[in-house]
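The values are calculated or read from the model by the stated rules, or taken from the named source; none is laboratory data. Computed from a predicted structure; not experimentally measured. As a convention, Cβ positions derive from the backbone with ideal geometry for all residues, glycine included, and neighbour counts pool all protein chains shown. We work out accessible area using only protein heavy atoms, side chains counted, and drop any ligands, DNA or RNA first. Shrake-Rupley method; radii C 1.70, N 1.55, O 1.52, S 1.80 Å.
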Amino acid sequence: MLRSKYDPQQRITVAVDCIIFGFDSEKLKLLLFRRKVEPFKGSWSLIGALIKNDVSLDQGASEILYRLTGLRDVYLKQLKTYGAVNRDPVERVISVAYYSLIRINEFDLKAVEDHDARWFDLKDVPDLLLDHGRMVQDAIRSLRLMARNRPLGFELLPQLFTLPQLQILYESIYDTKFDPRNFRKKILSLNILEKTDTKDMSGSKRGAFLYRFRKNSLDGSSMSNGEFEKLKEVIQF
């Protein structure tokens, strides 16, 4: 016979916090919102919520993201669990953090404004409540590790993009500058991009050819170690 509870005296609340990264074709940014209730009312925070008994962690994270951005089927990855006993001054709360990658021009601006939220450059992130600052740093490290073995442009770039836009994305992720000629040579050697006949004429009279990811790369599968060896001279990580 099953017991109704393992320990009826034990009370632990579970929360989900979402670290939302967005790319606007120029910079990688972080979405934050001002907390509307005490404690810490008015402080900058990640978007999050307590999880109800009948909702899974993944479902809870997806719903939080949808309420804030209006987007479904967004890349979402579980990052880490934060369970320090005194991390929340109100009660014992364990937080499971997720991070997501979105194209800023696709999200619902009104939904963001309704949550009193705004985008911050990674270099200008304000002090965050509780251990949310640590969550952000852990997410950035995870993002950089992931960029070693999969092309993140699937989630952060438009369907058609220029090589300079792709370079800017990687420079934003790694917070460093790459030599344009070397970057172009190395990234094309990976054979994951397909050049189109269309040009982006917004930057110069000559324009820049637009690229897209090859169809056989659209599953986001990992690139081999050998392929990424070709990038080590350009991307220092």
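What figure, in Å² to the nearest 10, do you get for the accessible area of Glu26 with a 1.4 Å probe and non-protein molecules left out?
130 Å²
For the chain, what is the accessible area per residue in Å² when the probe is 1.4 Å?
On the way: 14030 Å² over 237 residues.
Using a 1.4 Å probe on heavy atoms only, each residue of the chain averages 59 Å².
Return the calculated 222 nm mean residue ellipticity for the chain, to the nearest 500 deg cm²/dmol, obtained by summing -39500 (n - 2.57) across DSSP H runs with n ≥ 4 and dividing by the residue count. Walk me through the intermediate numbers first.
Details: 7 runs with 65 residues, N = 237.
The helix-only estimate for the chain comes to -8000 deg cm²/dmol at 222 nm.
Starting from the coordinates of the alpha-carbon atoms of the stretch 163-205, obtain the Kirkwood hydrodynamic radius over all distinct pairs and give the value in Å to one decimal.
Averaging 1/r across every pair of different Cα atoms and inverting gives 11.7 Å.
Given N residues in the chain, what is Rg(Cα) / (2.2 N^0.38 Å)? Working shown, then result.
Details: Rg = 20.3 Å, N = 237, 2.2 N^0.38 = 17.6 Å.
Compared with the compact-globule rule of thumb, the chain sits at 1.16.
Roughly what percent of Cα-Cα pairs across the stretch 1-51 reach past 19 Å?
Details: 680 of 1275 pairs.
Beyond 19 Å sits 53 percent of the P(r) for the stretch 1-51.
Measuring from label point to label point, each 7 Å out along Cα→Cβ, what is the Arg141 to Ala49 span in nm?
Reported label-point gap for Arg141 and Ala49 is 3.0 nm.
Got the relative contact order for the chain handy, in percent, Cα pairs under 8 Å and 6 or more residues apart?
Working: 352 pairs, mean separation 49.5, N = 237.
Relative CO of the chain lands at 21 percent.
Give me the percent of accessible area attributable to carbon and sulfur for the chain, probe 1.4 angstrom. Write down the numbers at each step before the final one.
On the way: 6530 of 14030 Å².
Of the solvent-accessible surface of the chain, carbon and sulfur hold 47 percent.
Ordering Tyr99, Tyr66, Tyr174 from largest to smallest accessible area (1.4 angstrom probe), what's the sequence?
Numbers: Tyr99 0, Tyr66 90, Tyr174 20 Å².
Order by accessible area, largest first: Tyr66, Tyr174, Tyr99.
With the Cα gyration tensor of the stretch 86-185 giving a ≥ b ≥ c as the square roots of its eigenvalues, does the rule (a/c under 1.5 for rounded; else a/b larger than b/c for prolate; else oblate) give rounded, prolate or oblate? The partial results should precede the final answer.
Details: a/c = 2.41, a/b = 1.69, b/c = 1.43.
Because a/c hits 1.5 or more and a/b exceeds b/c, the stretch 86-185 counts as prolate.
Report the antiparallel proportion of the DSSP beta bridges in the chain as a percent, rounded to a multiple of 5. Show your work: numbers first, answer last.
Values: 28 of 40 bridges.
Percent antiparallel among DSSP bridges in the chain is about 70.
At 7 Å along the Cα-to-beta-carbon direction for both Arg134 and Val85, put a label point, then send me their distance in nm to one decimal.
If labels sit at Arg134 and Val85, their model points lie 1.5 nm apart.
Report the Rg/Rh value for the stretch 43-115, based on alpha-carbon coordinates and the Kirkwood definition of Rh.
Working: Rg = 13.4 Å, Rh = 13.6 Å.
Checking Rg against Rh, the ratio lands at 0.98.
Where Rh denotes the Kirkwood radius from the mean inverse Cα pair distance, what is Rg over Rh for the stretch 1-141? Walk me through the numbers before you get to the answer.
Values: Rg = 15.8 Å, Rh = 15.9 Å.
In the stretch 1-141, Rg relative to Rh is 1.00.
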